[in-house]
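What follows is a single structure, written as structure tokens, with notes after it.
The values are calculated or read from the model by the stated rules, or taken from the named source; none is laboratory data. Owing to the predicted nature of the structure, the values given are computational and were not obtained by experimental measurement. Backbone-built Cβ (ideal geometry, glycine too); neighbour counts: all protein chains shown. Ligands, DNA and RNA are stripped out before the accessible areas are found, and what is left, the full protein with its side chains, is counted by its heavy atoms. Shrake-Rupley method; radii C 1.70, N 1.55, O 1.52, S 1.80 Å.
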Amino acid sequence: MAETQVPDEPAVDPRRGNFRLKHVGEQNIERQAFILDEMAARPAVRTLKAWVLAQVDPAAGETAVDVGSGTGEDVVAFAELVGPNGRAVGVEPSPGLRAEAVRRSNGVRAEYVDGHAEELPFDDESVDVLRSERVLQHVDNPTVVVREMARVLRPGGRIALIDTDWGTAIIHPADPDVRQRMIDYFLGGSANPFSGRQLRGLLADAGLEITGETAATWIEPQEGARQGFVSMMHLTSAEAGVITPAEADAFAQGLAAAADRGAFHLSLTMYSVSARKPV
Ligand SMILES: C[S@@+](CC[C@H](N)C(=O)[O-])C[C@H]1O[C@@H](n2cnc3c(N)ncnc32)[C@H](O)[C@@H]1O
């Protein structure tokens, strides 16, 4: 099987032998779309996407915005609910992903606009519903971003955020010292690796009323011991000199042996929090 177990971040293509930390946005569009599709298929992500949609509950005629909309799946879901008198808008800085989203929208009345979460292209209090998924982990200042989201939300408007928290990553079995050096290396390569646990505080600090929170964990199948994230993790760490080649081999062999007896474990928890702007 190809690298179907690659998580959203960090992402690399083991087939190309180009093992280095890469933001999804640095990949070619075909590769970015592949990674986003793989993530979107995970049960934990399906659960959180559905929870968010129910929490923000867009109504006919409303303006609903997805910040960091990727391939546009969630904008299409908004478009179906806001109908012909509403607006469903994806804000996405990547021209390639915007083009892919337009291609996939296939006649659905969805808009994809260029923009960044730090400076949203909307007037004050002009948006009824806003969602953003796995974007805050990439931004340098999530406080600024969530305040910007609160600025554009109308009084009574609904918002929901989803993000991963890399502090919840569990990989077993592994030498604790080797595992910690690899994890520290990867956490250092992410702008905001603990955003999952910060969602609630970010929304509250922006003056929004929390209306709900939930979490979902993705658990890697046993095949994941020999591919995708696991391969990327030890190969990039060894290349960076964080672990030795011998430690990388021992790590890989230990996980493969565990998988052979059904004892491999890799999991990561994602969080979602919803809120409302006070009237
Ligand atoms: C992990 S992807 C998630 C995409 C989409 N939300 C989904 O659920 O599939 C992160 C997305 O955030 C976008 N992004 C990165 N930095 C951003 C920023 N500062 N403002 C808005 N979007 C950003 C990326 O281009 C990418 O589409």
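Working from Cα positions, state the angle (0 to 90°, nearest 10) between the long axis of helix 29-41 and the longest principal axis of the chain.
The angle comes out near 90 degrees.
Which residues' amide hydrogens lie under 5 Å from the amide hydrogen of Glu125, considering only partners 5 or more residues apart or on another chain, with H built in the peptide plane?
Val152, Leu153
Roughly what would the spin-label model give for Arg103 and Asp184, points 7 Å off Cα along C-beta, in nm?
4.3
Residue by residue, what Karplus-based ³J(HN,Hα) values in Hz, rounded to whole numbers, does the stretch 149-158 have, using 6.51, -1.76 and 1.60 with θ = phi - 60° and x for Gly and Pro?
Running phi through 6.51 cos²θ - 1.76 cosθ + 1.60 with θ = phi - 60° gives 5, 5, 4, 7, 6, 6, x, x, x, 10 Hz.
Spelling out what I want: for every residue of the stretch 139-144, take phi, set θ = phi - 60°, compute 6.51 cos²θ - 1.76 cosθ + 1.60 (Karplus), and round to whole Hz; glycine and proline get x.
9, 6, 10, x, 5, 4
Take Arg261, Arg98 and sort them by solvent-accessible surface of the protein heavy atoms, 1.4 Å probe, largest at the top.
Values: Arg261 180, Arg98 45 Å².
Result of the area sort, largest leading: Arg261, Arg98.
For Glu209 and Ala240, what is the calculated FRET efficiency with R₀ set at 25 Å and r taken between the beta-carbons, to the nearest 0.05? Walk me through the intermediate numbers first.
Details: r = 44 Å, r/R0 = 1.75.
The pair Glu209/Ala240 has a calculated efficiency of 0.05.
Determine, for each peptide in 43-51, 83-91, the mean count of other beta carbons within 10 angstrom over its residues, then list the peptides with the highest first.
Working: 43-51: 16.8, 83-91: 19.7.
Top to bottom by mean Cβ count within 10 Å: 83-91, 43-51.
Provide the gained length on full extension for the span Asn28 to Arg197, in nm with one decimal, where the gain is 0.36 nm per separating residue minus the Cα-Cα distance. Can you show the working numbers first?
On the way: separation 169, 0.36 × 169 = 60.84 nm, distance 3.03 nm.
Between Asn28 and Arg197, full extension yields 57.8 nm more.
Got a number for carbon plus sulfur as a percent of the chain's accessible area, 1.4 Å probe?
Values: 6010 of 11820 Å².
C and S atoms contribute 51 percent here.
When ligands, DNA and RNA are left out and all protein chains stay put, how many square angstrom of accessible area per residue does the chain have with a 1.4 Å probe?
Numbers: 11820 Å² over 279 residues.
Each residue of the chain exposes 42 Å² on average to a 1.4 Å probe.
How much of the DSSP beta bridge set in the chain is antiparallel, as a percent to the nearest 5?
Numbers: 21 of 39 bridges.
Counting only bridges with both partners in the chain, antiparallel ones make up about 55 percent.
Amide H to amide H, which residues 5 or more places from Gly212 or on other chains are under 5 Å from it, using H placed in the peptide plane?
Under 5 Å from the amide H of Gly212 lie the amide H atoms of Ser274, each far enough along the sequence or on another chain.
Please turn the phi angles of the stretch 241-251 into ³J(HN,Hα) values with the Karplus equation 6.51 cos²θ - 1.76 cosθ + 1.60 (θ = phi - 60°), one per residue in order, whole Hz, x for glycine and proline.
Karplus values, whole Hz, x for Gly and Pro: x, 6, 10, 7, x, 5, 5, 4, 4, 5, 4.
If each residue of separation counts as 0.36 nm, what is the full-extension length gain between Glu119 and Val279 once their alpha-carbon separation is subtracted?
Numbers: separation 160, 0.36 × 160 = 57.60 nm, distance 2.31 nm.
Stretched fully, the Glu119-Val279 segment lengthens by 55.3 nm.
Report relative contact order for the chain in percent, whole number only (criteria: Cα-Cα under 8 Å, sequence separation at least 6). Present the calculation step by step, with values, prior to reporting the outcome.
Details: 558 pairs, mean separation 59.6, N = 279.
Relative contact order, the chain: 21 percent.
Could you pull out which residues in the stretch 178-216 have an amide N less than 19 Å from a spot 7 Å beyond the Cα of Ala263, following the Cα-Cβ vector?
Only 178-179 pass the distance filter.
Rank these residues by their accessible area, most exposed first, probe 1.4 Å: Asp163, Asp140, Asp114.
The residues order as Asp140, Asp114, Asp163, largest area first.
Can you list residues from other chains, or at least 5 along the same chain, whose modelled amide H is less than 5 Å from the amide H of Gly83?
Under 5 Å from the amide H of Gly83: Gly61.
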